[in-house]
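First comes the structure, then the notes that go with it.
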Amino acid sequence: MEIDVKALRQTTDRVLAEKKRAEEEKSRLKAEKEKTEADKIIATIPEIASNLAILGKDQITVMRLTHEDFSRSIDNHISTVGGLRKIVSPTILIGVAKIVFDDCKESGLKPKLLVKDNHVVMNVYW
């Protein structure tokens, strides 16, 4: 049997490199889309928060989260604090929710994840 092992290796390496480039491009496009969606949410917060502050409020619900906003199940990350079911660890956030949470925190707001009516929401407090 004659087989050109070098040619096989080159073909395999080329195909793997193409797959890697395609995955990197897919990941880049996904990150761009998430950033755009997060920026839209973030842009609404100052005006709504200002309007609510005028009414004597100190919080706003900025997002209703879905399973896609978490890197894993939230079941082990819920605790009850003052009668509210709260997500203990925002470290399981991914994508748009993580971007919004981090931006709110960096802006001096206090983001919290709460379970309301069997849904997880992100509230920010000031």
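Tally up the residues in segment 70-115 that are among the charged types (D, E, K, R) and in contact with a strand residue (DSSP E or B) (Cβ under 8 Å, 6 or more places away or on another chain), please. Working first, answer last.
Within segment 70-115, the subset among the charged types (D, E, K, R) is 72, 75, 85-86, 98, 102-103, 105-106, 110, 112.
Add one more test, that the residue is in contact with a strand residue (DSSP E or B) (Cβ under 8 Å, 6 or more places away or on another chain), and what stays is 85-86, 105, 110, 112.
Residues that pass the stated criteria total 5.
Taking segment 64-109, which residues are in contact with an Asp or Glu (Cβ under 8 Å, 6 or more places away or on another chain), in contact (Cβ under 8 Å) with a residue 60 or more places away in the chain and not β-branched (Val, Ile, Thr)?
Residue satisfying the conditions is GLY95 alone.
Have a look at THR36, THR44, THR11 and point out the one that is assigned to a helix (DSSP H, G or I) and either at pLDDT below 95 or more than 30 Å from LEU109 (Cα to Cα) (or both).
Numbers: THR36 fails: either at pLDDT below 95 or more than 30 Å from LEU109 (Cα to Cα) (or both); THR44 fails: either at pLDDT below 95 or more than 30 Å from LEU109 (Cα to Cα) (or both).
On inspection, the qualifying residue turns out to be THR11.
Can you name the residue in segment 59-87 that is outside any strand (DSSP E or B) and in contact with a Leu (Cβ under 8 Å, 6 or more places away or on another chain) and is also modelled with the lowest pLDDT among such residues? Can you show your working first?
First, the residues of segment 59-87 that are outside any strand (DSSP E or B): 66-69, 71-77, 82-83.
If we keep only those that are in contact with a Leu (Cβ under 8 Å, 6 or more places away or on another chain) as well, we get 69, 71.
Numbers: ASP69: 90, SER71: 87.
Top of the filtered list is SER71.
With the condition kept exactly as written, say whether any residue in segment 83-90 is surrounded by fewer than 12 Cβ atoms within 10 Å (Cβ to Cβ) and under 19 Å from LYS112 (Cβ atoms).
Residues of segment 83-90 surrounded by fewer than 12 Cβ atoms within 10 Å (Cβ to Cβ): 83.
Okay, now just the ones that are also under 19 Å from LYS112 (Cβ atoms), so 83.
Yes.
Taking the condition of being of a type in the set (S, T, N, Q) and touching a residue at least 12 places away in the same chain (Cβ under 8 Å), how many residues in segment 110-120 meet it?
Here is the first cut: in segment 110-120, the residues of a type in the set (S, T, N, Q) are 118.
Subset that is touching a residue at least 12 places away in the same chain (Cβ under 8 Å): none.
The total comes to 0.
Quick check on this structure: which one of GLU25, GLU68, GLU18, GLU47 is closer than 13 Å to GLY95 by Cα and of a type outside the set (Gly, Ala, Ser)?
Numbers: GLU25 fails: closer than 13 Å to GLY95 by Cα; GLU18 fails: closer than 13 Å to GLY95 by Cα; GLU47 fails: closer than 13 Å to GLY95 by Cα.
The unique qualifying residue is GLU68.
If you scan segment 98-121, which residues turn out to be touching a Pro at 6+ places or on another chain (Cβ under 9 Å) and at pLDDT below 95?
Answer for segment 98-121, where residues must be touching a Pro at 6+ places or on another chain (Cβ under 9 Å) and at pLDDT below 95: LYS112, LEU113.
Residue by residue through segment 93-106, note down the ones that are exposed (fewer than 15 other Cβ atoms within 10 Å of the Cβ) and of a type outside the set (Val, Ile, Thr). I'd like the intermediate steps shown before the answer.
Keep residues of segment 93-106 that are exposed (fewer than 15 other Cβ atoms within 10 Å of the Cβ), which gives 94, 102, 105-106.
Residues satisfying the conditions are ASP102, LYS105, GLU106.
Can you pull out every residue in segment 1-40 that is loosely packed, with under 10 Cβ neighbours inside 10 Å and of a type in the set (Asp, Glu)?
GLU2, ASP4
The values are calculated or read from the model by the stated rules, or taken from the named source; none is laboratory data. Predicted model only: the values in this text are computed from it and were never measured. With ideal geometry, Cβ positions are generated from the backbone for all residues, glycine too; neighbour counts draw on all protein chains shown.
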